């Protein structure tokens with residue numbers, strides 16, 4: 001298996017993990033844990049299942065698993081509070097939540113199934129795929145947004161080749177576009193500010209594959 005996620009590459013054949021093109025040293029057990037999580041993504045795996053697959057036929061405590069998760073997060077530059085790759089499923093286990101793509105797939109909006117549309121959430125960039133993108137706290141969400149004001153199925157962004165639209169999915173705390181509640185289906189443009197409950201996002205649109213995001217319509 002040879003996959004890429006964000007600025008990282010995992011090659012299970014050569015047993016190599018790279019970040020920004022540079023090799024990242026992790027323990028053998030940590031590498032195995034990442035391999036298991038990536039192969040099962042986006043499915044959440046229980047602690048018992050992870051322990052059995054990383055330490056087969058050996059009893060270990062939960063602290064061993066937590067230590068490996070912490071090691072991987074350091075290696076990947078991940079944040080447990082706002083995970084981009086490994087999310088904690090409280091009271092259950094862990095899941096890989098990053099966007100995976102084959103290593104040979106071109107990066108950026110020109111790849112198959114991708115689009116010119118992105119969401120910026122703090123320092124995180126979320127790639128919107130063509131078709132339906134669910135935003136929320138549920139397992140089907142494009143990006144797990146662990147915030148109290150965000151519903152499990154909060155909103156939906158539908159992307160076509162040339163356009164994207166936003167729709168609220170009956171969320172408890174509302175979806176807002178440019179400060180106004182979203183009612184029905186609303187078109188999106190570069191620089192638009194979206195808010196799910198109290199969580200803000202910014203829409204960015206790439207002019208064409210390989211270009212930087214357009215700024216001519218960005219709102220400040």
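Relative to the longest principal axis of the chain, what angle (0 to 90°, nearest 10) does the C-alpha long axis of helix 28-40 take?
Tilt of helix 28-40: around 40 degrees.
Could you give me the radius of gyration and the Dmax of the range 2-96, taking only the C-alpha atoms into account and expressing both in angstrom?
12.5, 36
If each DSSP helix of 4+ residues adds -39,500 (n - 2.57) and the sum is divided by the residues in the chain, what number results at 222 nm, nearest 500 deg cm²/dmol?
Calculated mean residue ellipticity at 222 nm is -5000 deg cm²/dmol.
Compute the acute angle (0 to 90°) between the alpha-carbon long axis of helix 62-76 and the principal axis of greatest extent of the alpha-carbon atoms of the chain; round to the nearest 10°.
The angle comes out near 50 degrees.
Which whole-number percentage describes the relative contact order of the chain, with Cα contacts under 8 Å and a sequence gap of 6 or more?
Taking the mean separation of contacting Cα pairs over the length of the chain, I get 13 percent.
Give the relative contact order (percent, whole number) for the range 112-205; include only Cα pairs under 8 Å separated by 6+ residues.
Once normalised by length, the contact order is 25 percent.
So what's the projected area for the range 23-69, the Cα convex hull averaged over all directions, in nm²?
3.4 nm²
For the range 112-205, compute the orientation-averaged projected area of the C-alpha convex hull (one quarter of its surface), in nm². Please list the in-between numbers first.
Details: hull surface 21.7 nm².
For the Cα atoms of the range 112-205, the hull's average projected area reads 5.4 nm².
How would you rank 49-59, 83-93, highest first, on the average number of other Cβ atoms within 10 Å across their residues?
Highest-to-lowest ranking by the protection proxy: 83-93, 49-59.
Since every read-out is calculated from the coordinates, none of them should be taken as a lab result. As the structure is a computational prediction, the values presented were derived from the model and not from experiment. Because the Cβ atoms are built from the backbone with ideal geometry, glycine has one as well, and the counts that use them run over all protein chains shown.
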